[in-house]
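Here the structure is laid out as structure tokens; the discussion comes afterwards.
The values are calculated or read from the model by the stated rules, or taken from the named source; none is laboratory data. Treat the numbers as computed from the prediction; the structure is a model and nothing was measured. In this analysis, Cβ positions are derived from the backbone assuming ideal geometry, glycine residues included, and neighbour counts consider all displayed protein chains.
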Amino acid sequence: MTAQRRAALKGRVRVPGDKSVSHRALILGGLSVGETRIEGLLEGDDVLRTAGAMRALGCEVQRDGAGRWRVYGAGVGGLAEPGDVLDFGNSGTGARLLMGAVACHPMTAFFTGDASLRRRPMGRILAPLAQMGATSASRSGGRLPLALTGGTLVPIEYRLPVPSAQVKSAILLAGLGTQGTTTVLEPERTRDHTERMLTHFGAQVTGEDAGSGVWAVTLRGCPELKGAAITVPGDPSSAAFLAVAALIVPGSVVRIEGVGLNPLRTGLYTTLAEMGADIAYENRRVEGGEPVADLVVKSSALTGVDVPPERAPSMIDEYPILSIAAACARGRTVMRGLGELRVKESDRLGAIAAGLGANGITCAIEGDTLSVEGCGEGARVPGAGTVETRMDHRIAMSFLILGLAAKAPVTVDDTRMIETSFPGFEALMAQLGAGLGAGAGAGGAP
């Protein structure tokens with residue numbers, strides 16, 4: 001697919017539901033007793049894989065209409081051993097969180113995924129689950145496919161070696177089936193969707209400062225979770241693509257409605273504000289325990305900034321699109337602490353640098369730091385490159401956004417994986433007036 005400059009972006013849109021919240025709503029609905037009604041569920045492939053896994057584990061999961069779902073849960077300890085392999089496609093979130101949920105059940109389940117997911121490390125999940133009493137057999141490095149056998153677990157106190165909401169969530173979900181309290185210590189706080197939703201379903205979860213900059217999350221095991229209504233806010237990671245597009249295409253004004261603004265997810269918006277972005281937050285409210293607002297974004301003259309490493313956990317998925325804003329800014333942007341990007345759907349750090357270089361943008365990687373030399377106010381980036389997406393949806397969308405501001409069109413080699421996280425992306429961008437169309441790399445075909 002190729003993206004090229006046409007005109008200013010204008011309009012009012014709503015992005016799909018938050019992927020992180022959608023996964024958790026299905027999983028916690030399945031671990032609850034009674035009915036859970038979900039509004040605004042993201043219906044991309046990643047989340048649908050989690051829905052299928054919950055069905056395979058014995059839960060009744062029904063779709064009532066666009067974004068409207070019902071889950072009739074089996075309760076904590078009530079999941080059934082699946083009769084077949086659980087295939088999570090490209091969804092690392094679904095696979096890792098459900099490992100935690102399965103671990104507190106006396107069963108063996110087999111986990112696999114697509115080629116990209118099978119390359120991603122699972123050892124960081126398996127290590128704490130083993131301390132709790134679960135066993136596993138996997139490929140080298142803890143990679144999929146793997147078999148996980150759960151049972152009667154013991155509560156633990158676990159200090160995260162690297163910031164990871166997925167590891168924290170897996171431990172907490174496993175802790176539901178223990179007698180006692182499970183504590184996760186975070187040297188850097190990560191997104192807290194799991195804690196918020198566990199509380200919403202009736203679990204006893206607390207978070208407190210444990211001193212020396214460590215945040216302690218503690219869960220009391222063996223609660224009876226009760227089904228609850230959930231409204232999924234718009235995904236702030238999806239909204240980020242539209243927001244940056246509006247910022248870098250001159251004359252643009254875009255309203256993005258109902259975006260989740262969890263304070264542990266807003267690092268990108270903090271950074272964009274530091275760069276001089278004109279973003280207003282209107283109609284603030286709380287939905288399903290999550291803060292929500294409408295974003296009004298206007299094109300802006302951006303300036304490069306230094307992004308500190310401690311901000312990385314709150315924006316780890318947004319560095320690809322931040323690099324596009326940096327390319328269109330005046331001066332240098334330095335992004336630090338990006339080591340986690342090397343173990344995402346692709347080596348995102350390498351993919352970002354390769355894509356920028358292919359389009360005439362100077363950048364450099366030193367260790368876990370990425371530096372981007374912006375093209376300056378009023379001087380659009382060269383473009384004209386073809387970007388290898390490496391099966392990574394965020395790389396694909398980010399460089400399509402770059403094409404909207406570049407002097408020459410930008411082509412990405414494959415866009416099929418975009419539907420996994422942002423269904424309807426192309427149609428929504430067209431609604432705003434973006435120039436996306438079939439090109440040399442559309443759909444992966446030459």
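Overview of values
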{"item": "Yes/no for residue 28 being assigned by TED's automatic domain parsing to the domain that holds residue 199, buried (at least 24 other Cβ atoms within 10 Å of the Cβ) and in contact with a His (Cβ under 9 Å, 6 or more places away or on another chain)", "result": "yes"}
{"item": "Single residue of 323, 300 found to be of a type in the set (Ser, Thr, Tyr), surrounded by 20 or more Cβ atoms within 10 Å (Cβ to Cβ) and part of a loop (DSSP other than H, G, I, E, B)", "result": "300"}
{"item": "Boolean, residue 102 is buried (at least 24 other Cβ atoms within 10 Å of the Cβ) and not in a helix (DSSP H, G or I)", "result": "no"}
{"item": "Region 211-221 - residue that is in contact with a strand residue (DSSP E or B) (Cβ under 6 Å, 6 or more places away or on another chain) and surrounded by 16 or more Cβ atoms within 10 Å (Cβ to Cβ) and, of those, nearest to residue 290 (Cα to Cα)", "result": "217"}
{"item": "Flag for residue 55 being closer than 22 Å to residue 111 by Cβ and either assigned by TED's automatic domain parsing to the domain that holds residue 395 or surrounded by fewer than 24 Cβ atoms within 10 Å (Cβ to Cβ) (or both)", "result": "yes"}
{"item": "Residue 149 over 28 Å from residue 316 (Cα atoms) and in contact with a strand residue (DSSP E or B) (Cβ under 9 Å, 6 or more places away or on another chain)", "result": "yes"}
{"item": "Of all residues in region 366-422 being part of a helix (DSSP H, G or I) and of a type in the set (D, E, K, R), the one that is modelled with the highest pLDDT", "result": "394"}
{"item": "So residue 194, is it surrounded by fewer than 17 Cβ atoms within 10 Å (Cβ to Cβ) and under 23 Å from the mean Cα position of the chain (by Cα)", "result": "no"}
{"item": "Strands (runs of 3 or more DSSP E) (entirely within region 13-97) containing at least 3 residues that are touching a residue at least 24 places away in the same chain (Cβ under 8 Å)", "result": "33-39, 68-74"}
